[in-house]
Amino acid sequence: MKSTETPPLLFPQPTSENIFNNSYDIHQRKSGATITRIRSKPLQMIQRNTGIVEVLKEGKEICKNCHPLTPMMCITGCNIWKLKNELRKLERKMKNPNFAANLLNTLKNRRRLQLLEIISKGRYSLVRLQQKLKKLGYYHSQRTIAKEYVNPLVEVGLVEENHSKYHTTVFGDKLNELIRDFNNIEELLPPHSECYEEKTVETLFDGSKTYEELEFVIPNESLSRVLRRLHAAKLITKDDENNYIFYFKTRRDPQQEKLSSTEKRVYQSIPEEGITVKKLANNTNISLRRTYKYLRKLRGKKLTFKRRRPKTYALTKEGARIARLLGKICVLLTEFGQASTEITTEPLEAIQQILVPDVPKKRREKPLQILV
């Protein structure tokens with residue numbers, strides 16, 4: 001099943017009005033000092049409808065005009081600062097060459113997806129998470145919840161812990177929006193794997209492939225097992241064995257042989273490009289068994305020959321749905337990778353430089369000395 005679709009862009013084009021609307025108010029001068037009031041918005045609200053790269057660009061412009069009273073005010077109350085810290089942590093995790101595989105294996109667990117959905121709505125302690133799971137009919141100890149379900153989410157940067165409470169990161173909130181409707185993904189893809197199944201699905205999204213073509217993507221010793229798993233999960237289809245054996249005409253002149261009327265009808269129904277036995281039987285209105293009988297006679301008279309064509313594999317409707325999800329996750333990883341790289345490559349002086357309010361020199365000499 002060949003599909004020409006491409007995964008849609010995950011983020012709509014942002015506007016300056018809906019990114020940091022009401023996040024900052026820079027106004028009101030009193031005694032020569034610029035007072036900045038920061039009305040903190042949750043990070044999930046800031047990033048929900050825009051791209052992370054665009055958020056950072058808007059954040060830079062806001063930081064140029066922001067003059068907090070103290071550096072601590074910026075660190076503790078500024079969501080841009082928190083976002084940059086999250087991206088720095090994520091960048092260190094993404095340096096692991098197996099990060100994508102670890103992320104997909106983490107997501108292939110229904111309980112983790114349920115907890116990710118719960119945590120995305122606020123900050124939760126282990127006690128509250130245990131209570132939430134009990135309402136869903138799952139009775140786990142707090143140790144099991146932390147070790148088996150929450151900690152894997154923390155390790156791949158989807159969740160963070162702060163003062164014994166868990167909350168989703170910007171990356172986790174975005175990914176939760178993508179995978180919210182895929183609670184059965186653990187039934188379709190193996191949870192502890194090298195993600196060869198995902199690679200195969202992504203490859204077949206461009207169009208059907210033969211076994212030999214898939215060998216360039218998946219190691220030969222694993223390909224048969226991967227294809228069996230995907231076929232059992234009804235994510236791919238393969239040609240029926242009878243449909244990849246084609247019959248062709250030879251160049252021998254049929255006038256040199258004595259043919260019955262039925263043999264002549266079968267011979268004349270074989271096109272130049274070849275045909276399968278099943279299709280030939282339908283075209284001639286002859287039973288499949290008798291079609292094989294007349295083809296054997298025509299082969300004995302050297303008027304036809306058969307040739308095997310390689311099996312091809314294609315995605316089913318559900319397989320294409322999974323492929324689109326994987327494409328969106330790939331787009332998300334690329335965008336967050338670019339954003340985290342941009343943050344970590346900034347000069348250290350630019351990161352540490354925090355502007356202070358305009359106050360008389362005598363009043364700010366001592367605090368500046370303390371900061372230095």
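The values are calculated or read from the model by the stated rules, or taken from the named source; none is laboratory data. Owing to the predicted nature of the structure, the values given are computational and were not obtained by experimental measurement. FYI the Cβ positions are ideal-geometry reconstructions off the backbone, even for glycines, and counts take in every protein chain you see.
Take Asn176 and tell me if it is under 15 Å from the mean Cα position of the chain (by Cα), closer than 14 Å to Arg112 by Cβ and not assigned by TED's automatic domain parsing to the domain that holds Gly319.
Numbers: under 15 Å from the mean Cα position of the chain (by Cα): yes; closer than 14 Å to Arg112 by Cβ: yes; not assigned by TED's automatic domain parsing to the domain that holds Gly319: yes.
Yes: the conditions hold for Asn176.
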Next item on the list: Kindly indicate which of Val277, Val266 is within 17 Å of Arg299 (Cβ to Cβ), modelled with pLDDT of 90 or more and not small (Gly, Ala, Ser).
Entry: Val266
Check: What are the residues in segment 287-301 that are at pLDDT 90 or above and not in a helix (DSSP H, G or I), if any?
Finding: Ser287
Check: When you go through Thr250, Thr203, Thr210 one by one, which is the residue that is among the polar types (S, T, N, Q), surrounded by 13 or more Cβ atoms within 10 Å (Cβ to Cβ) and in contact (Cβ under 8 Å) with a residue 60 or more places away in the chain?
Finding: Thr210
